[in-house]
Amino acid sequence: MKKVYKSYFSHDPDPGWSWPVEISERFQAHSVFEMSAGYYFEPESAEHSAFLALADRLRLDIFAQDLVRVSGKEVSDYPYYRLNGKVDKEYEKPEYMDWQSRCAGDEQTMCRVGGRQHTKIVFDPARSKSLDIMELPEQINPHIYIISKRLKDSLHEHGFTGFRTVPCLESQNRFSQSDLALEDSSAELEARANKFQLIVTARPEHPPHVRRIRIRRRCTSCGTVYLFFGGGTPYFERGEPADTDFQVYHSYQSENEGTFDIAGRVCVVSTRFIQLMEENRFTGLELYSKTPPIPYGVVPIH
């Protein structure tokens, strides 16, 4: 029997809608993902019953969704997971990005859509974290994943699909402009590198689905959504995504707003990647959620 948290979100599509103060104050400790987008509970808890009774008295238009609680033993029960890596704050200035081609944004949004990575990642080995996988901070479009040579070799050895790797450069070494160029590589750079950038190349044929949403912030220039509430946990239809180990998407299909692009890119990984990380004690995976406490983020398939 699967273990779940019961979570609740509003059906109300009004961007100005917010939870009544009776709910937000009493159940603040149960906010999903440390935000007041929704609330979660242990199914048999007294707080769960109290929330449902209060929501009924206030006549709230809400819907329920299960947040699956998966530990190491149940990983094989689900085919896909969200990829969450620990953040290495050594990289605070994304000098590897070219923002000249990005969207101009508007008065409220400094839009980063359209920015392009144009150089390899350069890191200081004396300061950087010694993790097998990590993400660079403040970079969500795309996420920048850095992996160890050990993990890179293991992925290739076991025939993982949907990605490519680019060697990272160490700041204390000498390298040419050609070495620095993202698309240029050599056998020497590959052999010398201790870390590699993992670039996800595969994409699902169709974006995942969300329910009714309330858009709070959208770039008026390009239409990218930067903040929305509601919708519940994104899910794929049966037969999606494709049978690939790494896939990335950047849009959702909603019931009331149609298909829309989001500011970040979300990476989905196969069960066997999570198993590889666990069985070989590779380090660097981050909790999917602290509120509620969930180690691995299941990608629902309906």
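List of remarks:
- Close contacts from the stretch 265-282, counting a first residue that is surrounded by fewer than 16 Cβ atoms within 10 Å (Cβ to Cβ) and a second that is of a type in the set (K, R), with Cβ to Cβ under 9 Å and a gap of 6+ residues or different chains, come to N280/R150.
- Test set (1) within 13 Å of I199 (Cβ to Cβ); (2) assigned to a loop (DSSP other than H, G, I, E, B); (3) of a type outside the set (D, E, K, R) - A126 fails condition number: (1)
- Residue in the stretch 16-36 that is among the acidic types (D, E), surrounded by 12 or more Cβ atoms within 10 Å (Cβ to Cβ) and at pLDDT below 95 present: no
- Selection status of K73, in contact with a Leu (Cβ under 7 Å, 6 or more places away or on another chain) and either within 27 Å of L198 (Cβ to Cβ) or surrounded by fewer than 13 Cβ atoms within 10 Å (Cβ to Cβ) (or both): no
- Every condition in (1) surrounded by 13 or more Cβ atoms within 10 Å (Cβ to Cβ); (2) over 22 Å from the mean Cα position of the chain (by Cα); (3) not hydroxyl-bearing (S, T, Y) holds for D61 except the one numbered (1).
- Qualifying residues in the stretch 139-169 (those that are hydrophobic (A, V, I, L, M, F, W, C) and either in a helix (DSSP H, G or I) or at positive phi (or both)) - the one surrounded by the most Cβ atoms within 10 Å (Cβ to Cβ): L151
- Test: residue in the stretch 170-187 that is free of Cβ contacts under 8 Å to residues at least 24 places away in the same chain, among the aliphatic types (A, V, I, L, M) and either surrounded by 20 or more Cβ atoms within 10 Å (Cβ to Cβ) or more than 18 Å from Q247 (Cα to Cα) (or both): yes
- Residues being within 22 Å of D106 (Cα to Cα), hydrophobic (A, V, I, L, M, F, W, C) and in contact with a Ser or Thr (Cβ under 7 Å, 6 or more places away or on another chain) - total across the stretch 195-252: 1
- Restricted to the stretch 259-302, and to residues there that are among the small types (G, A, S) and in a loop (DSSP other than H, G, I, E, B), the residue that is nearest to the chain's Cα centre (by Cα) is G297.
The values are calculated or read from the model by the stated rules, or taken from the named source; none is laboratory data. Just so you know, these numbers come straight off a predicted model, no measurement behind them. Backbone-built Cβ (ideal geometry, glycine too); neighbour counts: all protein chains shown.
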